[in-house]
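Below is one structure; the comments refer to it alone.
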């Protein structure tokens, strides 16, 4: 991992304090993680990405070392949080890369503040509610309340490609350790599920004019590849790159293929 890691505490108007991490040099690259919201999701990607980019990561509000604040948690609010991070760091524009829920946030950033988005990488994400995800997240939200440990463990199996998980059981141990056992922790996850289920930019994404790379995995069970195909069709001129496998967490389970695709595309954009 790059040795020039810097941490920043950024306080927002509603009282939330975001823990932000920067490292590397080059074109700024903002990494936005998914439902879990933690900067640490991207740790495996850092050696490759920080060699070419100034990488910015954050624990989203209420997650990890960041406090919740009082603002309602919506995708637009989470996008505004990221914009505030870039402004605080004096970064006028960046490549915005968001995975899953982070991809929804990326779309919102590009629509709400186009000047901040030099280009967008949307990975394992979607742009409007659909029956598949509504049924899946209704099930997951119910499990969150009734058996939060099972919620955390099942998410590990949903998210990781089986052969990778079978060789990396530490991921399951980490999920158990981070299970949302308290009511407060469950409330934070539940409001984030509600935010993604309310998200719909299908009528707007065609207005995103910056270069867009859309990455998915054909065996993703949480955000299936047909949703990346649907999103790419709505964004004329975007580049669609589907990995043959890797599960929902393909940025981790197919690390070299993922970072290679991002870096090759970003170099052409630059």
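A few comments on the model shown:
- Descending Cα extents along the principal axes, the range 33-104, whole Å: 37, 25, 22
- For the peptides 165-174, 223-232, 114-123, the ranking by packing is 114-123, 223-232, 165-174, with the highest mean count of neighbouring Cβ atoms within 10 Å listed first.
- Exposure proxy ranking, count of Cβ atoms within 10 Å, fewest first, for 248, 88: 88, 248
- Coarse-grained scattering of the chain at q = 0.07, 0.12, 0.17 Å⁻¹, given as base-10 log I(q)/I(0) from a Debye sum over alpha-carbon atoms: -0.21, -0.67, -1.53
- Among beta bridges that DSSP assigns inside the chain, antiparallel share in %, nearest 5: 30
- Ordering 144, 139 by the number of other Cβ atoms within 10 Å of each residue's own Cβ, fewest first, gives 139, 144.
- Computed FRET value (nearest 0.05) for residue 163 with residue 239, which takes r as the C-beta separation and R₀ as 30 Å: 0.60
- Span from the the range 210-235 Cα centroid across to the the range 20-60 one, whole angstrom: 21
- Rel. contact order, % - alpha carbon contacts under 8 angstrom, at least six apart, the range 1-118: 28
- Ordering of 95-104, 255-264, 7-16 by packing [mean C-beta count within 10 Å, highest first]: 95-104, 255-264, 7-16
- 5 Å binning of all Cα-Cα separations within the range 169-248, expressed as whole percents from 0 upward: 3, 13, 14, 16, 18, 16, 10, 8, 2
- In the chain, the calculated helix contribution to ellipticity at 222 nm averages -13000 deg cm²/dmol per residue, counting -39,500 (n - 2.57) for every DSSP H run with n ≥ 4.
- Ranking of 140, 57 by count of other Cβ atoms within 10 Å, fewest first: 140, 57
- Compared with the rule-of-thumb size 2.2 N^0.38 Å for a compact globular protein, the range 198-241 has a Cα radius of gyration ratio of 1.16.
- Relative contact order for the chain: 18 percent, from Cα pairs under 8 Å spaced at least 6 residues apart, divided by residue count.
- The calculated Kirkwood hydrodynamic radius for the range 211-270 is 11.7 Å, given to one decimal from all distinct C-alpha pairs.
- Distant alpha-carbon pairs in the range 76-165 (separation over 16 angstrom), percent: 63
- Cα centroid separation - the range 152-186 against the range 191-207, whole Å: 26
Read-outs: derived from the displayed coordinates by stated rules, not from any lab. Bear in mind the structure is a predicted one, so any value in this text is a computation, not a measurement. Every residue, glycine as well, gets a Cβ built from its backbone with ideal geometry; the counts of neighbours run over all protein chains shown.
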